[in-house]
Amino acid sequence: MIEDELRAAFARLEESTPPVGPVRAAVDRAVTSRRRRRRRVRLAGTALAVAAVALVGFTAMAPRPPAPTAAPALPTPVPEPGGALNLLLLGVDQSAGSRRADSVLLVHLPADRSRLYLVSLSRDLLVPVPSHGGTEKLNATFSRAAGSGTDLATGYRATRQAVARLTGVRVDAGAVLTYGGARELTDAVGGVPVCLPAPVRSVHTERRFPAGCQRLDGAAAVDLLRQRYGLRDGGLDRDRNAARYAAGLLRQLREQGTATDPAQLGRLLVRVGSAVTADTGDLSLPALVAASGRAAAAEPVGLAFPVLAEWNGRGYEPDPELTPGFLDALRADRLAQWAAAHPGQVTALR
């Protein structure tokens, strides 16, 4: 009797149960869609990192995506973030196991996205240290935090905080590139044109860089970026050459159409994607790509953070006359007017 009742109950339940086939097919579709969304997020992260690298040749901070096996599609366009943006880009020397931020660029994207402003901050610029009320070199903030470990994110975050305290502006995203990454990227784009106002002789390799415009391969680009001895203004001239390299890299990618060609972008990602990571802050990856790409369509302007030319034995002090006006212009998004009024602080990029 009980068995008959159970059979009847199961029969009724079986009639009301949906077929297994359609349910399984729906589950499979959901899983596939989720995997595709995850892959699009990873590829978008890589695309932004390449865009950040395109700004100044630096590698950003975030989980590293796997190298794509085929040319990825660009992300769906999204609304750009409003207002001015600031990206912090660091060039790091890892020789002898050390971690030194040799090049520090604050890339300012004005609200009208008219162009990029590459603001060089000397690695020897003395910045406040709230913990003990004194000052230290800007590059010391990176090395003290990063130490000799392999995680560059800690050093980046410390330098980002120091730059934000110094300038009073929010750092929206950032990037770090080691010299090895710069060499690989330069070769991947077919060399970078760099225009020098005076000849440079390498103290490391005896290589000679003539005055004028020249195309550098990866090894030559890294050699130039490391030079400060023998330059008229030492490390300050090295900062200017980093800005010239950045401008040349932007020019190269713009002329190649890499930033807007999915196939070319895919090939570049395959070659350098394994070394590229990104810190996008609170902004979406596609939105940052769109904003930086539009601003990079025009020739960038190179600026130097105002410092006193005299070395005080510990580093460079901010120029007390020029720095307040420069910082006001940066915060108010008026760097174009400040650059026009202070041509001596503008770096010739061509």
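Would you mind stating whether Val163 is modelled with pLDDT of 95 or more and in a helix (DSSP H, G or I)?
When the stated conditions are applied, Val163 passes them.
Pick from segment 99-112 the residues that are assigned to a loop (DSSP other than H, G, I, E, B) and of a type outside the set (Asp, Glu): which of them is modelled with the lowest pLDDT?
So the residue we want is Arg99.
What's the number of the condition Leu185 fails, among (1) farther than 26 Å from His108 by Cα; (2) within 19 Å of the chain's Cα centre (by Cα)?
Status for Leu185: all satisfied but (1).
Would you check which residues across segment 113-149 are in a strand (DSSP E or B) and either hydroxyl-bearing (Ser, Thr, Tyr) or touching a Phe, Trp or Tyr at 6+ places or on another chain (Cβ under 7 Å) (or both) and list them?
Of everything in segment 113-149, those that are in a strand (DSSP E or B) and either hydroxyl-bearing (Ser, Thr, Tyr) or touching a Phe, Trp or Tyr at 6+ places or on another chain (Cβ under 7 Å) (or both) turn out to be Tyr117, Val119, Ser120, Leu121, Leu125, Leu126, Thr135.
Taking Gly191 as meeting all but one of (1) under 17 Å from Val127 (Cβ atoms); (2) touching a residue at least 40 places away in the same chain (Cβ under 8 Å), write down the number of the exception.
So the condition that Gly191 fails would be (1).
Identify the residue in segment 219-238 that is assigned to a loop (DSSP other than H, G, I, E, B) and touching a strand residue (DSSP E or B) at 6+ places or on another chain (Cβ under 9 Å) and, among all such residues, is surrounded by the fewest Cβ atoms within 10 Å (Cβ to Cβ).
Only one residue tops the list, namely Gly230.
I need the full set of residues from segment 113-138 which are surrounded by fewer than 20 Cβ atoms within 10 Å (Cβ to Cβ) and closer than 13 Å to Gly293 by Cα, in order please.
Result: Arg113, Ser114, Arg115.
Among what's in segment 309-350 and is touching a residue at least 60 places away in the same chain (Cβ under 8 Å) and acidic (Asp, Glu), pick the residue that is nearest to Asp102 (Cα to Cα).
So, considering only residues that are touching a residue at least 60 places away in the same chain (Cβ under 8 Å) and acidic (Asp, Glu), the one nearest to Asp102 (Cα to Cα) is Glu317.
Could you grab me the full set of residues in segment 168-218 that are among the polar types (S, T, N, Q), within 20 Å of Leu89 (Cα to Cα) and in a strand (DSSP E or B)?
Selection gives Thr178 alone.
For Gly248, indicate whether it is modelled with pLDDT under 90 and part of a helix (DSSP H, G or I).
no
Return the total of residues in segment 112-144 being closer than 14 Å to Gly315 by Cα and of a type outside the set (A, V, I, L, M).
Adding up the residues that qualify gives 10.
Could you grab me the full set of residues in segment 321-350 that are among the hydroxyl-bearing types (Ser, Thr, Tyr) and touching a Gly at 6+ places or on another chain (Cβ under 8 Å)?
Listed by number, the list holds a single entry, Thr347.
Across segment 337-350, which residue is modelled with the lowest pLDDT among those that are in a helix (DSSP H, G or I) and loosely packed, with under 15 Cβ neighbours inside 10 Å?
My answer is Gly344.
The values are calculated or read from the model by the stated rules, or taken from the named source; none is laboratory data. Nothing here was measured: the structure is a model prediction, and the numbers come from that model. Glycine gets a Cβ as well: all are built from the backbone with ideal geometry, and neighbour counts include every protein chain shown.
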